[in-house]
Structures are given as C-alpha cells and as structure tokens.
Amino acid sequence: MASAQLGGQGWSMAGRSLTALIGGYAAAAGLATLLARLLPVERVEATAWGMILSFLFYAAFGLWAFHEPRLTRVAAVIWGTAVIAGGAALLLGVRP
Amino acid sequence: MSLEVALLGYAGFAKLAQGKGRHSRTARPDRTRARILGWLLILGSFLAALHRFGPYLAVPAWLALLSVSGVILVLILSRWPKAATAPWIPMTVIALPLCLL
Amino acid sequence: MRQSMAWIHGWLGLLAGWILFAMFLTGTASYFRPEITRWMQPEYRPHAVPQAEAARTAIAWLQKNAPHDEQWTIYLPTDRTLSTRAFTRARPNPDPKAPRAPRRPEVRLDPATGAPIEARDTRGGEFFYRFHFQLQLPHPWGRWLAGLCAMFMLGAILSGVITHKRIFADFFTLRWSKGQRSWLDAHNVSAVLALPYHAMITYTGLITLVVMYMPWPILANYPKPTAFAESLYGDTAGQKASGQPGRLADMGRFVEAASAEWQGARVSRIIVGNPDDASSTVTLLRTGEDRLNARGASITYAGVSGARLAASPAPGPAVETAGVMLGLHLGWFAGPLLRWVCFLLGLTGCAMVATGLVLWTVKRQRPGAQPFFGMSLVERLNIGAVACLPAGMAAFLLANRLLPPTLAGRADLEVSAMFWTWFGLAALSLLRPVRRAWIETLAISALLFAAVPIADLAVVGGFPTDGLFVAFDTTMLLLAATLGFAAWRTAAKPARAAQPRRRVPVEVVEVREVVDVA
C-alpha cells in the first residue's frame, strides 16, 4: 500500500503501529511460549527453540501488519494470536 | 593466513562482473564463459575455505571473506572498471600455492 | 507486496537509523575491545603467567578486597587481553526497599601479582562495548531500546530484501556523482554484498539478550527461572549460602583439573558463588576462542572440598544453535585476519545505515522547495549521528592521551569528552547551512581522528615498537582519511538540484527500485 493511503488516516496508522509493535510482540511471545511448552523434546532444548524462533515470529507479524490493508483483520489476527496462544500457554501451566 | 579465500573470491566476482557485460564490450559467448569461470572461482574459494577452516568454521569465514572481497571489488570497479577486473589471473595464481601452505 | 515493503523499509530504517548507526559503529569498534583497552593503558607492561597462576593471584586479591560478595566472575587473561578481569556482585540488601546497588565496574588485575593494573584509569574498549547495547541509558532502558532498534533492523532487512527485486542484477553497480541514484547504489551495494553479515549480526544480536527480551518460554518450562541458566552454563545465582564460613581451596588446581578434562583447552571464565561460605561453588567455563559456539562447556566444583559437582551436558541442537549464534555475534573465534574482515563488514553496515538515512532525505527533496520541518529534522539528525559520533569517539581516545594519567575521575572524564564532543558538535552544526554542516563536521571528525596518533606519539613518547600500537595508530589515520574523503566528496559535489539529468544507456534508466515509488 502506498504512503498516501496509509499516511492519510492518523488514528488507523497509530492503531496499526501499536498492533505491530505491542500486539506483534505479544503474539510472538505467545507462540514462542506455546512452542516451548509443547515441543516434545528436552526441556532446555524446547525452551531454546522457542527463544531462538521468537524474533522471527515477531518480525513476520510486524511486517504483515503493514502489508495487509484491512486494519480489522490485522488487529484480529495479531491480537487473536496473542490471546489464544498466551491463554493456552497459561492454561497449560509450567511443564511438569 | 587465509588470504587465498579472499583472492579467489575477488577473482570470481571479477569474472562475474565481466560476464555482466556492463563493464566490458565482450561478445556473448565470452560473457557466458566469464560467468562460468566466475562461479567456478567462487566455488574454488569455498573449497579453499573448507580446506583452511574445516567444516565447522568454513561457512561463516567464507561468507565474511567473500563479502569483503566483493565490497573491495565494487569500490575499485566504480572508479577503474578495467583495472578492477584485470588482476584476476595473478590473484588466482597467487592463491593456488597459498591454499597449500 | 513490494510497495508496502518499500514503505515500511523506509520508515523502519528512518526511525531506528540514528541509534542503529551508533550501535553499528561502536559495535564494530568492539571487535577490538581488548586491543582498545590495551592501547588506552600504554603504561601497562604485562607479564605472561600460566592460567592457574593468574587464577590464584586474582582470588587472593578478591579475598582481600571483596570477601563477602555473593558472586565473583573472573575472566582469565588471554593472548589478547593480557590481564585478568574481575566483576564482583555484592549480596543484595536484605531490606527490599533499599535501592539496587549500582553495577560495579570491571577491575583489571595484573595476572602475575594480582594487583590492580597500575596504569591510567580508563573504561577502555569496555566503554564502546557497553554503549553498543546499553546506549549509556539507565538499566534496563538502554538494552530495551537497543533491542527495539535491532528488531527494526531485522524488519528493515527482511522488507529490504523483498523490495529489492533485482538483487543480483545490481550486484556490482556503483555510480558516483549521480545524486539520488548514487546514494541508492551505495545503499544497495553495502546492503546486498554484506547481506549475510547484516542478517547474521542483527539476529544474533537479539539472541545475545534473549533471556531479557523473551523470557516467556523459560517461564513455561521451569518452575524456577534461574534453573534454565543453571542448566545452560552453571550460573550459581540461585544457590543459597549455608551461612557457615568456609575457605576456598586452591584455585590453580581447579583450573588445571578442568583444563585436563577438556584435553588441554583453556579456561575462559571462573564464576565463584558465595566465596566465603562453606557451600561455595566454583564453575569454570571452557574458552570459546577455538570454536564457533561461544557458550563453552562448564564444570562446577564444590569450592571448599574441591569435589566435582556437575558438568554441563553436551548441548542439544537448539542450545548449540544459540551458542553458535552468540559466538557469531561476539566474533571471539576469529583470528587476526577474520577479525579485520569482521571489522570491515561492520563498517559496511555503518555505510549501509548512513547511506540509507541520507537516501531518505535526498529522495524527498524537491528542487527549489523550502524544506519542511520533518525534512530539516531528519537532515540535522543525520548530521548529528553520522558525522558527529565519529568525532565523539575520537575525542574519547584523544582524552585518554591528553588528560593527566593520575587525574582523579579521569575515566569518567574520557566518557564525558565523548558525549560533549558528539552532542556539542551536533548542536553547533545547527548554526550552519546543511551542506556546510556536513562538510565541516566530517572534516572535524577527520581532524580529530588524525590527531589521535599524533597525541599518542607526543604523550607516550617515541615511535611505538609494539605492533598493536602501530596498527592502532595506522587505523586512526585510515579512518581520518575516510572521513576526510567523505568531507571532500560532499564539498566537491555540485548542487543536487541544479544538476541536469544526463542521458544514460537504457539498461540503466529503467526504474529499478521500488524505493523510488514509495
């Protein structure tokens, strides 16, 4: 999308940026945590995989947030991922 | 020293640049030949890195040396297009005995 | 896809660019952290001793000067540092409301005697290294800001690769004196040719502080977060003191035993937990200098009895990957030639960020138009970051030679010299028109770098015979030449707006870059 399209609407731009920056982090953290919790390998290995891959998730969410034109969809997917993945990780609790 | 990796990388990039045809007025089959030779030299620089650094360190060391030789080539190429690619033969010649050291 | 990526590439690069430039430049300098420290203490004449002896002398000094601390970390001398470095951490104040004790600076000890090095007080290369990821801001804000900028960088790299459709076609193209096109060429060449390096250094940089940035996977797998660190590198922070006094056994024996277990590999670091307690622990870490994985194996002994308690398990694929990423970022594995290569690649990264920043302004300038506020702001910040930071770094090194060696508080004064010069020069440059400001600040930076070897010769006296000092001073002259060249090019360039478009071959004229469209 061109800058004119994006730059025109201040509030939607702010919402998009916040979704990318904070929502993207939350979604990446949620996914990484869920991955670390569920990977059927050793505890320390699963933790390390989650941590290593987390930044890739974050970058992907962040870039996609500015690629997808529909803000509602961006917000739904990113915040949804954050809530679902984070919630699942919370419900699962610490690995026994 | 591991200079031979950079020398071969420079020579390879030099041939590839010639193969692009932007900096030389060579005919099409010559350009293809230059490109093939360029890739072979780049492959050679990788083998030299493998030989010098062992399988574990070879890839990062090769990429680093290759990148720097590319940057140097482009800087020279931007000023002296002819002189930049010319020394590929002496570089290859110097690199070969260095590989064995 | 490409348009949105070009747009986000521009903004990510712009918003983080100034800090990224500072991180790149100081990080590049940090490849030579021990060498810079040695240059900054020219009085120090090291005496090489076996590692075991260095460990003994360091422990003796710590037992005298910080006996009741919670933890000591001792970096044994290497071929590059030539001195023992010790960090101590005091026991936390039992009163939870008490302010956190400030982090204590490193102590550099003479490995032969164990006494603090008798040389001018300085932060040395450690300063650039710390600034590189803490940005001289209070903990933990500097690290968070650095991480955010690194994340922006990662996004900029990914979006840049997607944007740049003819990544190999433009591989060798660098054209001078063509205005915007030249800046675009320079940005592409510095980015694409060293792309593996840029991507590597950015991602691995995030990994170095991953425990802080992304602690959540640990919380999902460990009831006690410190257990993760313990399982990785034998951090003893979680261990409780017994309260009974105890005396450490001979440290040299630990070093010899660990080294023997590692087939003669050296010990890089010793971590002593609760050193004055009966339950003290001694963890030795293997050097990472001979392999990519910087997180070496570790062995933990009981400090008093000397019994071998535990050793780090052989790392699995993920832990090995993380260790290799750390190693790639730190570059300890690199011998002299590879280290210089890394240094040059780091400078290429600086060039990439700087040309990107300039490109942002050049692209938006309209001939004859009055620059709008955002444009002036970006132009001024570009000058402040790209042209003035080098002056600050040179001032840091100059202050090291010019301040009297025995002056009290001189280490902090050196740091002040850097920031006053950096920000002072940036503030002064506001008084000049943009182009003049570029030329003059670049020229001043060049002069300051050229002054460093002169000050070195004048103050230390005599021509240096030590290879390190020769190399350092020569590098300063080369940096001065580079900055001088930049100033000269800026001065020589005809005014952009007035330059008529030259006809160039069709091959070149087509719009090659979506950055142009954005």
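The values are calculated or read from the model by the stated rules, or taken from the named source; none is laboratory data. These figures come from a predicted structure and were not determined experimentally. Cβ sites come from the backbone with ideal geometry, for glycine too, and all protein chains shown count toward neighbours. We work out accessible area using only protein heavy atoms, side chains counted, and drop any ligands, DNA or RNA first. Shrake-Rupley method; radii C 1.70, N 1.55, O 1.52, S 1.80 Å.
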### Message
Just the residues that are open to solvent by less than 30 Å² (accessible area, probe 1.4 Å), over 22 Å from C:Ala150 (Cβ atoms) and within 14 Å of chain A (Cβ to nearest Cβ), please, taken from the range C:181-226.
### Response
C:Ala220, C:Asn221, C:Tyr222
### Message
One residue is enough: does the range C:312-325 have a residue meeting the conditions touching a Gly at 6+ places or on another chain (Cβ under 9 Å), free of Cβ contacts under 8 Å to residues at least 60 places away in the same chain and either in a loop (DSSP other than H, G, I, E, B) or away from chain A (no Cβ under 14 Å) (or both)?
### Response
yes
### Summary
All-but-one check, C:Phe133 against (1) outside any helix (DSSP H, G or I); (2) within 25 Å of C:Gly392 (Cα to Cα); (3) aromatic (Phe, Trp, Tyr), failing number (1)
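Please pick out the residue among A:Arg43, A:Arg37 that is open to solvent by less than 50 Å² (accessible area, probe 1.4 Å) and not hydroxyl-bearing (Ser, Thr, Tyr).
A:Arg37
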### Task
Please state which of the following conditions C:Ala307 fails to meet, knowing it meets all the rest: (1) free of Cβ contacts under 8 Å to residues at least 40 places away in the same chain; (2) under 33 Å from the mean Cα position of the chain (by Cα).
(2)
### Message
All but one of (1) under 19 Å from the mean Cα position of the chain (by Cα); (2) assigned to a helix (DSSP H, G or I); (3) facing chain C (nearest Cβ under 10 Å) hold for A:Val44; state the number of the condition that does not hold.
### Response
(1)
### Summary
Among helices (runs of 4 or more DSSP H) entirely inside chain B, those with 2 or more residues being surrounded by fewer than 14 Cβ atoms within 10 Å (Cβ to Cβ) are B:28-79, B:81-85, B:88-100
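Among the residues in the range C:106-114, are any within 13 Å of chain B (Cβ to nearest Cβ), over 24 Å from the mean Cα position of the chain (by Cα), polar (S, T, N, Q) and not in a helix (DSSP H, G or I)? Steps first, answer last, please.
Of the residues in the range C:106-114, the ones within 13 Å of chain B (Cβ to nearest Cβ) are none.
Looking through the range C:106-114, none of the residues is within 13 Å of chain B (Cβ to nearest Cβ), over 24 Å from the mean Cα position of the chain (by Cα), polar (S, T, N, Q) and not in a helix (DSSP H, G or I).
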### Query
Of all residues in the range C:388-433, how many are open to solvent by less than 40 Å² (accessible area, probe 1.4 Å) and over 25 Å from the mean Cα position of the chain (by Cα)?
1
### Query
What about B:Arg79, is it within 13 Å of chain C (Cβ to nearest Cβ) and closer than 30 Å to C:Lys178 by Cα?
yes
### Query
Just one of the numbered conditions (1) without any contact (Cβ under 8 Å) to a residue 40 or more places away in the chain; (2) in a helix (DSSP H, G or I) is not true of C:Ala408; which one?
(2)
### Query
Would a scan of the range A:22-31 turn up a residue that is under 21 Å from C:Pro225 (Cβ atoms) and within 7 Å of chain C (Cβ to nearest Cβ)?
yes
### Counted residues, the range C:328-376 - those being part of a loop (DSSP other than H, G, I, E, B) and either acidic (Asp, Glu) or crowded, with 17+ Cβ neighbours inside 10 Å (or both)
4
### Query
Can you pull out the residues in the range A:76-96 that are assigned to a helix (DSSP H, G or I) and within 13 Å of chain C (Cβ to nearest Cβ)?
A:Ala82, A:Ala85, A:Gly86, A:Gly87, A:Ala88, A:Ala89, A:Leu90, A:Leu91, A:Leu92
